[in-house]
Amino acid sequence: MSAIEFHNVGRKFGAYEAIADVSLAVRDKEFIAIVGPSGCGKTTLMRMVAGLEFPTEGRVTVNGRVVRAPGPDRAVVFQQFALLPWRTVRENIGFGLTCTGTAASEKRKLVDHYIKMMHLDGHADSYPHQLSGGMQQRVALARSYVIDPDVLLMDEPFGALDAQTRTVMQEELVRLARDNPRTVLFITHSVEEAVYLADRIVVMGKKPGCIREIIDVSDVRTSEAWQELGIDEVMDLPSFVHLRTRVWRLLRSQMDDE
Amino acid sequence: MTDNVAGGGDAAGMNIRRYLPQRRTLISLAGLVIVLCLWAVVTMGLKLVSPVRFPSPLDTWSAARQLIFTGYGGGLLWEQVWHSSRLVLLGFAVAASSGVALGIIMGISRRAQLFINPTFLLLRPIPPLAWIPLAILWFGLGDTSKIFVIWYAAFVPCVLNTLAGIRTVDKTLIAAARVHGASPGRVLREVQLPGALPMVFTGLRLSLQACWTTLVAAELVGAFFGIGRVLVIAGQDIYPGMILVAMLCVAALGAGMTKVLTVIEQRLLAWRFA
């Protein structure tokens, strides 16, 4: 049984068909990146897994169960961080644990662990507006990781960060994915980010939104041990350049269709 | 061009930093003192305004002493102030609690909003003072009718601002709370209410102002006690010093209560200043 399954999923907004006939099976602990032109329904697809939106055709299942509502088994990391501005870093990270009724001592231990892991030491009692964008997104990542969800959904999580911070965060995400493998659905506009992070890349087309091609990166990644290298080293590898060009051409052909 | 703009911004920032708190208080006090001096010069020094039309600081001072020590319009200063403040506080408390509650209900439920809105839109344009005759008919000339009119005046801004506050809470924050396991009740407590709080306080401030406006008007129409009563009697007696004292009382009480509200707001929104 796959972690996430889309069965002939379609979504209409009135007469407008946003997504048509999307089928995809995401394996347990697999990192999937979704790329596609704007308006191809990437975010809608993700929101259907989160239970924030629902298909008008077909169905979406997580661990075999049809998604009917949002739940802490499917945490989302948003592009705009979406931290509670009136809560400290510690309280924001512990938010999901409070919701699920985790005991205070256990919560403290887990939150402390993630504060350390995300290099947020010394900022535990700061408010989000006192932190840089990169640190705020670390808090958001910690908030999602700490509740130990089956599925992590990331909607362009590094889209609002500057280029340098983005690179650092991408490396951290690779480290996180290596140390605590999770099923991840990662939406991005960046082809490089997709090739660097994902096991498989889903390239979407639009009008209506659909899957055009799925590219497997996992074999190259494991055989060349990308996860042991820094992002700049990986980006110089011929295999990386080759994959990046391939994904970029596919994406470009979807955009030229307009 | 860009450099100029950036430079200008920096200079403005420097200006703000230069005014330290003590210095700011000093400048504000200086403004007040100058207004007082101008007042004294115009009424006592140059005698530009006849004391029958506008009282001098000395006339006002003696009227204030009379109100404090011997009383006027049926009571001493503290009795009149207490009477009016009590009505404002009661009316405000009822209006704030019912208004914020209704604003929350309309904010979280589209159905409730659709249900209530027509009635609300119909009642809203009626000025609070237009309710006075009906209020007197229902509740008599006593306090209850005044509390009713104050409640009506203060209720509307509370409802509207709370509603707007709840509606303008970032949808992504609500989604983020839900996907991390928050129940609808927790979303309301942890996200929607704190998010709406700044606008709720805007509503409360407007509402408090409306309370004082309405109270004084209601007391002018008919009252046995209160600041408005002092104003009416002083008007009948052609006693400009006392009229001004009563007006200053309203100003001081209004400003004082608004200050208390601001302090509470700053406590509750302390995270913003961290």
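What follows is calculated from the coordinates using simple rules that are stated; it is not laboratory data. All values derive from a computational prediction rather than experimental measurement. Cβ coordinates were reconstructed from backbone atoms using ideal geometry, including for glycine residues, and neighbour counts include every protein chain displayed.
Annotations for the structure displayed:
- The alpha carbon radius of gyration of region B:85-143, expressed as a multiple of 2.2 N^0.38 Å, is 1.37.
- In this structure, the amide hydrogen of A:Val76, modeled 1.01 Å from its nitrogen in the peptide plane, lies closer than 5 angstrom to those of A:Leu153, counting only residues at least 5 positions away or on a different chain.
- Applying a length cut-off of 15 Å (Cα extent along the axis) and a mean Kyte-Doolittle floor of 0.0 to the DSSP H helices of chain B leaves B:21-40, B:57-69, B:77-108, B:110-123, B:143-167, B:193-221, B:240-268.
- Chain B - charge dipole about Cα centre, Lys and Arg +1 at Cβ, Asp and Glu -1, debye rounded to 20: 660
- Region A:145-258, Rg to Rh (Cα coordinates; Rh as Kirkwood inverse mean 1/r): 0.96
- Kirkwood hydrodynamic radius of chain A, Cα pairs, Å: 18.9
- Convex hull volume per residue in cubic angstrom - Cα atoms of region A:83-128: 67
- Solution diffusion estimate, µm²/s, Stokes-Einstein, the protein assembly as shown, Kirkwood Rh from C-alpha pairs, 37 °C, viscosity 0.692 mPa s: 116
- Overall dimensions of region B:58-273, expressed as equivalent-ellipsoid semi-axes from the Cα gyration tensor (√(5λ), whole Å, largest first), are 40, 20, 11.
- With one equal scatterer per alpha carbon and no solvent term, the Debye-computed log10 I(q)/I(0) for region A:21-81 at 0.19 1/Å reads -0.80.
- Phi angles across region A:68-77 convert, under the Karplus curve 6.51 cos²θ - 1.76 cosθ + 1.60 with θ = phi - 60°, into 3J(HN,Hα) values of 10, 7, x, x, x, 7, 9, 6, 10, 9 Hz, Gly and Pro given as x.
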